[in-house]
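Colleague: Handing you a structure now.
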Amino acid sequence: LPATLELAGVAILLAVACGLALGLAAVHWSGTWLESWIDAANSLALAIPEFLWAMLLIIGLGVLVPILPISGRIDPMQAEDMRTQFYLLESLARGDFALAWELLQHLILPAMALALPL
């Protein structure tokens, strides 16, 4: 449950930030080709299911251009030091930003897959 709650929280934050930015951009460029492009990208994001987005993101950002990890949540050696299962929140509360960054790298692919349709 803690891993799911952290993933859902990151996905919601990502969806709200991107949705707000794209919504404001579409309003700003209302009546131009950019608004049409934003509407088309939104339609595409809604048409493709989350599991397919996940596979495309894993292939694109984890295999072809390996910039994000494609499996796991945390190094097992670092998990021994944690008191709770809320690894991201605990690492931020402890001020261990290197660990928080590592955890976010593992969360970003599934969070993007969940956030795209939103």
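Colleague: Does any residue in region 84-111 that is under 15 Å from residue 2 (Cα atoms) come within less than 7 Å, Cβ to Cβ, of a residue that is open to solvent by 50 Å² or more (accessible area, probe 1.4 Å) and among the hydroxyl-bearing types (Ser, Thr, Tyr) six or more places away or on a different chain, and which pairs are these?
Modeller: Close Cβ pairs satisfying both conditions: 90/84.
Colleague: Let me ask something else. Filter region 1-58 down to the residues that are exposed (fewer than 13 other Cβ atoms within 10 Å of the Cβ) and of a type in the set (Phe, Trp, Tyr) and list them by number.
Modeller: Result: 33, 51.
Colleague: With the requirement that a residue be open to solvent by less than 50 Å² (accessible area, probe 1.4 Å) and over 14 Å from residue 91 (Cβ atoms), what does region 62-81 give you?
Modeller: Taking region 62-81 and keeping what is open to solvent by less than 50 Å² (accessible area, probe 1.4 Å), we get 62, 68-69, 74, 79.
Result: 62, 68, 69.
Colleague: Go through region 82-118 and give me each residue that's buried (at least 20 other Cβ atoms within 10 Å of the Cβ) and more than 30 Å from residue 46 (Cα to Cα).
Modeller: Within region 82-118, 87, 91, 99 qualify.
Colleague: While we're looking at this one, here's another question. Against the conditions (1) in contact with a Leu (Cβ under 8 Å, 6 or more places away or on another chain); (2) among the aliphatic types (A, V, I, L, M); (3) modelled with pLDDT under 90, where does residue 22 fall short? Just the number, please.
Modeller: (1)
The values are calculated or read from the model by the stated rules, or taken from the named source; none is laboratory data. Just so you know, these numbers come straight off a predicted model, no measurement behind them. Heads up, the Cβs are rebuilt from the backbone with ideal geometry, glycines too, and the neighbour counts pull from every protein chain shown. Note: accessible area is taken over every heavy atom of the protein model, side chains too, but ligands, DNA and RNA are not part of it. Shrake-Rupley method; radii C 1.70, N 1.55, O 1.52, S 1.80 Å.
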